[in-house]
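Step one of this worksheet: look at the structure below.
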Amino acid sequence: MKKLIECVPNFSEGSNMQIIKQITDEIEKVEGVQLLDVDPGKATNRTVVTFVGEPDDVIEAAFQAIKKASELIDMSKHKGEHPRMGATDVCPLIPISNISMKEVVVYAKKLAQRAGRELDIPFYLYESAASKPYRKNLASVRAGEYEGLAKKLEDPKWKPDYGPAVFNPKSGATAIGARDFLIAYNVNLNTTSVRRANTVAFDIREKGRVKRQGGKLSGKILRNKAGEPLRVKGKCKSVKAIGWYIDEYGIAQISMNLTNINDTSLHKAFEECRKSATKHGMRVTGSEIVGLVPKQVLIDAGKHFLKLQKRSVGISEEEIIHVAIKSLGLDELSPFDPKKKIIEYQLEGKDQFPLLHKNLKEFADETASESPAPGGGSIAAYVGALGVSLGTMVANLSAHKRGWDDKWEYFSDVAEQGQELKDKLLQLVDEDTNAFTEIITAIRLPKSTPAEKKARKAAMDRATKHAIAVPMQVMQEGMKSFPLLKLMANKGNPNSVSDAGVGALCAYTAVYGAYLNVRINCDGFSDGDYVEKTLKKAKSLLAKAEKEKTSILKLVEKTIN
């Protein structure tokens with residue numbers, strides 16, 4: 001499997017789109033790298049770029065982007081709200097899949113070493129790649145910013161890890177690091193006061209605020225015996241935050257970095273900002289995510305707000321994300337498009353699940369065409385998804401039924417299970433067609449020599465086993481629908497009992513249809529023991545499905561009568 005890393009360089013230019021385009025063009029020239037997001041900010045005069053790929057390709061693209069930025073951006077003329085020290089201010093590498101942080105650190109050092117050697121710019125390593133403990137925190141590395149860099153470079157303590165210890169007035173300095181996924185998140189306030197925004201920031205950030213006499217914001221700072229200020233910890237662990245004013249929008253914001261979403265979720269940071277703002281006479285009006293965000297972050301946020309409303313969380317992924325967007329006010333300042341802002345959506349594309357991205361008519365037309373796929377296996381999986389969807393619908397209707405307010409959590413849990421099962425069956429729609437394609441590919445392999453014949457047979461065996469395994473999985477997942485459908489026929493909203501009945505018929509059709517595909521794909525397969533065991537299991541599942549369907553339909557008929 002491919003090793004994937006993400007790179008999120010921040011460039012000190014947020015207004016001149018021609019300059020930004022020239023930098024991102026360098027990234028896109030590198031084969032194997034996918035540019036996911038370009039997020040310019042005029043007020044911060046900063047652009048956050050996100051791209052992914054295999055490690056060597058990513059560091060090549062990062063180097064070319066840093067080089068181009070050094071040619072086009074003049075830091076001696078730069079002004080912006082965000083802390084910064086270089087044309088390419090920071091360039092973090094982030095492990096995405098099949099790669100460890102230790103490995104990413106090696107790539108970060110490799111990038112910094114090359115850039116320092118070829119670009120005549122000071123480079124510092126930070127976070128997991130830091131060469132010294134006091135350089136781990138980016139804020140420490142960037143302290144003094146561009147304006148204080150010349151003096152900082154004279155201090156032996158701040159000799160760059162790579163590149164010359166000489167001030168470069170045009171390009172400044174760059175921090176290259178290896179870190180976990182970080183979410184850059186800003187919360188909007190109904191004030192123009194940076195001081196008031198900082199009051200909220202100090203309340204929530206892990207570092208907190210300095211402790212003052214009498215607990216007053218303007219009281220005398222209290223210190224320890226060494227003369228260091230005592231601090232009151234903030235509400236949110238692994239959160240860095242400051243207040244700033246955004247001229248572009250005419251508001252103040254709390255600007256945050258959420259460095260570990262397991263410690264502090266996006267919705268918790270939002271809620272703590274809201275509580276603090278209210279306490280200090282302000283109101284949170286919305287928020288914005290800078291760059292990309294993992295899908296689960298918004299799923300968790302959407303479910304959090306649904307539970308506050310005592311509503312079922314067993315709804316579609318798209319609906320949950322919509323609730324998150326509206327609850328967090330992510331579309332207050334500009335449109336928020338999940339397809340562009342969620343990293344998984346950017347990576348998967350339509351090619352991964354071509355059938356699922358068709359509308360109903362397109363899917364039916366494709367099935368009715370002269371192409372043998374999608375065939376009965378894909379249709380069985382789709383019918384199964386429709387069956388469990390009907391049971392999930394009954395659960396959601398029951399969760400919202402007037403007079404059943406004390407049961408909403410129970411039905412919400414059922415609906416959530418139904419959604420998970422529906423998604424698994426939908427993925428099997430394309431998987432069944434993929435399995436058929438593998439068989440065709442194996443059949444077309446050359447067979448002129450004994451070696452080719454041997455390789456072709458091995459490929460045929462693998463493809464056939466896969467073609468048997470997929471409908472078997474459809475049968476197994478389809479069987480899981482029956483307990484949910486029986487529960488809804490027995491305890492769900494009685495006005496929707498017929499939907500549970502139709503769902504049971506669909507689930508049975510899915511199991512029986514998948515059984516037929518298992519049988520035909522087993523026919524003639526050379527591994528007799530595998531065929532015998534598989535057919536025995538398939539027949540047992542089919543018999544159970546017949547009983548479950550009959551039992552549910554009796555319940556449905558009883559309620560209707």
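The values are calculated or read from the model by the stated rules, or taken from the named source; none is laboratory data. None of these values were measured; they are calculated from a predicted model. All Cβ positions, even for glycine, are placed from backbone atoms using ideal geometry, and neighbour counts span all protein chains on display.
Out of the residues in segment 401-439 that are small (Gly, Ala, Ser) and part of a helix (DSSP H, G or I), which is nearest to residue 463 (Cα to Cα)?
Here the residue is 435.
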Some residue of segment 16-31 being in a strand (DSSP E or B), touching a strand residue (DSSP E or B) at 6+ places or on another chain (Cβ under 8 Å) and in the same structural domain as residue 113 (by TED's automatic domain parsing): no
Residue within segment 535-544 that is in the same structural domain as residue 463 (by TED's automatic domain parsing) and under 18 Å from residue 421 (Cα atoms) present: yes
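Among 275, 240, 235, which is the only one that is more than 29 Å from residue 136 (Cα to Cα), outside the structural domain of residue 98 (by TED's automatic domain parsing) and of a type in the set (Lys, Arg)?
On the way: 240 fails: more than 29 Å from residue 136 (Cα to Cα); 235 fails: more than 29 Å from residue 136 (Cα to Cα).
Answer to the selection: 275.
Residue under question is residue 364, and the condition is that it be surrounded by fewer than 18 Cβ atoms within 10 Å (Cβ to Cβ) and among the aliphatic types (A, V, I, L, M); does it hold?
Working: surrounded by fewer than 18 Cβ atoms within 10 Å (Cβ to Cβ): yes; among the aliphatic types (A, V, I, L, M): yes.
Criteria met by residue 364.
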Residue list for segment 283-320, restricted to those being touching a Ser or Thr at 6+ places or on another chain (Cβ under 8 Å), touching a residue at least 60 places away in the same chain (Cβ under 8 Å) and either within 27 Å of residue 94 (Cα to Cα) or among the small types (Gly, Ala, Ser) (or both): 288, 291, 292, 297, 312, 314
Residue that is nearest to residue 287 (Cα to Cα), among those in segment 166-188 that are surrounded by fewer than 23 Cβ atoms within 10 Å (Cβ to Cβ) and hydrophobic (A, V, I, L, M, F, W, C): 184
Residue in segment 200-209 that is buried (at least 19 other Cβ atoms within 10 Å of the Cβ), small (Gly, Ala, Ser) and in a helix (DSSP H, G or I) present: yes
Of residues in segment 61-99 being in contact (Cβ under 8 Å) with a residue 40 or more places away in the chain and charged (D, E, K, R), the one surrounded by the most Cβ atoms within 10 Å (Cβ to Cβ): 89
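Does segment 313-322 contain any residue that is within 17 Å of the chain's Cα centre (by Cα), under 22 Å from residue 39 (Cα atoms) and not assigned by TED's automatic domain parsing to the domain that holds residue 419? Explain how you work it out, then say what you get.
To start, the set of residues in segment 313-322 that are within 17 Å of the chain's Cα centre (by Cα) comprises 316-322.
So of that shortlist, the ones also under 22 Å from residue 39 (Cα atoms) come out as 321-322.
Now drop any that are not not assigned by TED's automatic domain parsing to the domain that holds residue 419, which leaves 321-322.
Looking for residues that are within 17 Å of the chain's Cα centre (by Cα), under 22 Å from residue 39 (Cα atoms) and not assigned by TED's automatic domain parsing to the domain that holds residue 419, one finds at least one in segment 313-322, hence yes.
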Selection count where residues are surrounded by fewer than 18 Cβ atoms within 10 Å (Cβ to Cβ), among the aliphatic types (A, V, I, L, M) and assigned to a helix (DSSP H, G or I), scope segment 440-453: 3
Any hit, segment 176-198, residues being farther than 30 Å from residue 276 by Cβ, outside any loop (DSSP other than H, G, I, E, B), within 33 Å of the chain's Cα centre (by Cα) and in contact (Cβ under 8 Å) with a residue 60 or more places away in the chain: yes
Qualifying residue in segment 314-337 (condition: farther than 30 Å from residue 188 by Cβ and among the small types (Gly, Ala, Ser)): yes
Failed item, numbered, when residue 344 is tested on (1) in contact (Cβ under 8 Å) with a residue 40 or more places away in the chain; (2) within 28 Å of the chain's Cα centre (by Cα); (3) over 25 Å from residue 514 (Cβ atoms); (4) assigned to a loop (DSSP other than H, G, I, E, B): (4)
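If you take the residues of segment 112-127 that are among the aliphatic types (A, V, I, L, M) and more than 28 Å from residue 238 (Cβ to Cβ), which of them is surrounded by the fewest Cβ atoms within 10 Å (Cβ to Cβ)?
Taking segment 112-127 and keeping what is among the aliphatic types (A, V, I, L, M), we get 112, 115, 119, 121, 125.
Then keep just the ones that are more than 28 Å from residue 238 (Cβ to Cβ); that gives 115, 119, 121.
Details: 115: 24, 119: 22, 121: 25.
Of everything passing the filter in segment 112-127, 119 is surrounded by the fewest Cβ atoms within 10 Å (Cβ to Cβ).
Any residue at all in segment 351-359 that is surrounded by fewer than 11 Cβ atoms within 10 Å (Cβ to Cβ), of a type outside the set (Phe, Trp, Tyr) and out of contact with any strand residue (DSSP E or B) (no Cβ under 7 Å at 6 or more places or on another chain)? Walk me through it before giving the result.
Restricting attention to segment 351-359, the residues satisfying the condition of being surrounded by fewer than 11 Cβ atoms within 10 Å (Cβ to Cβ) are 351, 359.
From the residues that got through so far, the ones that are of a type outside the set (Phe, Trp, Tyr) too are 351, 359.
Restricting the remaining residues to those that are out of contact with any strand residue (DSSP E or B) (no Cβ under 7 Å at 6 or more places or on another chain) gives 351, 359.
Among the residues of segment 351-359, at least one is surrounded by fewer than 11 Cβ atoms within 10 Å (Cβ to Cβ), of a type outside the set (Phe, Trp, Tyr) and out of contact with any strand residue (DSSP E or B) (no Cβ under 7 Å at 6 or more places or on another chain), which makes the answer yes.
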Long-range neighbours under 7 Å by Cβ, at least six apart or interchain, first residue more than 12 Å from residue 64 (Cα to Cα) and of a type in the set (Lys, Arg) within segment 103-119, second at pLDDT 95 or above and part of a helix (DSSP H, G or I): 110/59
